[in-house]
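Visitor: This is the structure, below, for whatever I ask next.
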Amino acid sequence: DPVLGSAEAEISIIEFSDFQCSFCEKAYSGAIADFKESSYFKDGKVNLIFKQLPLDTACNSGLSNQLHPNACKSAEASLCADEQGKFWEYHDMMFENQERLDITSLKSYATTLGLNANQFNNCLDTGKYTSEIKKEIAQATSAGGRGTPFFIIVNTKTGNSTIISGAYPWSQFETAINSVQ
């Protein structure tokens, strides 16, 4: 899974998200942006682990009725970008262009970021990461995730954890981090 920050951090924020979800974009531009500026992140105490939870019946028959028709391919595209070491750049580009997540746009973003277009397009066209996405959907639902964004804040040393479901401000995350220390 893509990790933002120190892999050795004692606390992980596990984010289950959907690139087509407006509340997920709100979390991206709000709490996650604030997290990147925080001492928790800069000092390597807390990292962010990104997981897929597309609300799209193309890859998830249990959570929606085609709420986000481009979410599944967007999730796949992010993992195809991750193959080439550009997950976070691609992640940011999709949230910043959320109104354009059709396949043509997804392939264009890969080119813009300098990815190997043939490798990326083959990855996306073959659905290479469909089973991985379904696995992450199952992880989210077994942890109680029914919508996006859905976060699990876990202390990797003690196993203490708490959940935040929704696009809340960074202060809510600070409270959650302190509760699992």
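Visitor: Please list 163-176, 4-17 highest first by mean number of surrounding beta-carbon atoms within 10 Å per residue.
Guide: 4-17, 163-176
Visitor: Stretched out fully, how many nm does the piece from Thr130 to Glu83 gain, at 0.36 nm a residue minus the Cα gap? Working shown, then result.
Guide: On the way: separation 47, 0.36 × 47 = 16.92 nm, distance 1.43 nm.
Extending this stretch completely gives an extra 15.5 nm.
Visitor: Using a 1.4 angstrom probe on the protein heavy atoms only, could you order Arg100, Arg146 from most to least accessible area?
Guide: On the way: Arg100 105, Arg146 150 Å².
Listed by decreasing accessible area, they come as Arg146, Arg100.
Visitor: Just how much of Lys107 is accessible, in Å², when a 1.4 Å probe is used and the result is rounded to the nearest 10?
Guide: For Lys107, solvent-accessible area is about 50 Å².
Visitor: Once the Cβ-Cβ distance between Arg146 and Ser22 is put in as r, and R0 is 22 Å, what FRET efficiency do you end up with, to the nearest 0.05? Numbers along the way, then the final one.
Guide: Values: r = 17 Å, r/R0 = 0.76.
Efficiency, rounded to the nearest 0.05: 0.85.
Visitor: Now a separate question. List nothing, just return the count: lysine pairs in the chain, 8 or more apart or interchain, with Cα separation under 14 Å. Could the numbers behind the result be given before it?
Guide: Working: Lys36/Lys45; Lys45/Lys157; Lys51/Lys134; Lys51/Lys135; Lys73/Lys107; Lys73/Lys128; Lys73/Lys134; Lys86/Lys107.
Pairs that pass both the separation and distance tests number 8.
Visitor: Then there's this: Take the Cα pairs of region 108-181, get the Kirkwood Rh, then feed it into Stokes-Einstein at 10 °C and 1.306 mPa s and tell me D in µm²/s.
Guide: On the way: Rh = 15.2 Å.
Answer from the Stokes-Einstein relation: 105 µm²/s.
Visitor: Sticking with this one: To check you understand DSSP bridge types, tell me what percent of the beta bridges within the chain (both residues inside) are antiparallel, rounded to 5. Before the final figure, lay out the partial values.
Guide: Values: 13 of 20 bridges.
Roughly 65 percent of the beta bridges in the chain run antiparallel, per DSSP.
Visitor: Sticking with this one: Between Asn178 and Ile163, what is 0.36 nm times their sequence separation minus the Cα-Cα distance? Round to one decimal in nm. Walk me through the numbers on the way to the answer.
Guide: Numbers: separation 15, 0.36 × 15 = 5.40 nm, distance 1.28 nm.
Full extension from Asn178 to Ile163 adds 4.1 nm.
Visitor: Can you give the helix-only mean residue ellipticity at 222 nm for the chain, where every DSSP H stretch with n ≥ 4 adds -39500 (n - 2.57) and the sum goes over all residues, rounded to the nearest 500 deg cm²/dmol? Walk me through the numbers on the way to the answer.
Guide: On the way: 9 runs with 82 residues, N = 181.
Mean residue ellipticity at 222 nm (helix-derived): -13000 deg cm²/dmol.
Visitor: Of Ser131, His91, Ser179, whose Cα points farthest to the positive end of the dipole of the chain (charges on the beta-carbon: +1 Lys, Arg; -1 Asp, Glu; origin at the Cα centre)?
Guide: Checking the options against the dipole of the chain, the answer is Ser131.
Visitor: Let me know the shape class of the chain, please: from the alpha-carbon gyration tensor, a ≥ b ≥ c as square roots of the eigenvalues, rounded when a/c is under 1.5, otherwise prolate if a/b is greater than b/c, or oblate. Walk me through the numbers on the way to the answer.
Guide: Working: a/c = 1.83, a/b = 1.47, b/c = 1.24.
Prolate is the answer for the chain, as a/c is 1.5 or above and a/b outweighs b/c.
Visitor: Determine the shape class of region 1-41: with a ≥ b ≥ c the square roots of the Cα gyration tensor eigenvalues, call it rounded for a/c under 1.5, and otherwise prolate if a/b is greater than b/c, oblate otherwise. Mind showing how you got there, number by number?
Guide: Working: a/c = 2.96, a/b = 1.53, b/c = 1.93.
Note, shape of region 1-41 comes out oblate.
Visitor: Okay, next question. Treating only the Cβ atoms of Lys and Arg (+1) and Asp and Glu (-1) as charged, compute the dipole magnitude of region 26-149 about its Cα centre; round to the nearest 20 debye.
Guide: Working: 13 positive and 15 negative charges, 53 e Å.
Computed charge dipole of region 26-149: roughly 260 debye.
Visitor: Counting only heavy atoms of the protein chains, get the accessible area per residue of the chain (1.4 Å probe) and round it to a whole Å² value. Before the final figure, lay out each step's value.
Guide: On the way: 8080 Å² over 181 residues.
Normalised by residue count, the accessible surface of the chain is 45 Å².
The values are calculated or read from the model by the stated rules, or taken from the named source; none is laboratory data. Owing to the predicted nature of the structure, the values given are computational and were not obtained by experimental measurement. As a convention, Cβ positions derive from the backbone with ideal geometry for all residues, glycine included, and neighbour counts pool all protein chains shown. What goes into the accessible areas is simple: the full protein's heavy atoms, side chains included, and nothing from ligands, DNA or RNA. Shrake-Rupley method; radii C 1.70, N 1.55, O 1.52, S 1.80 Å.
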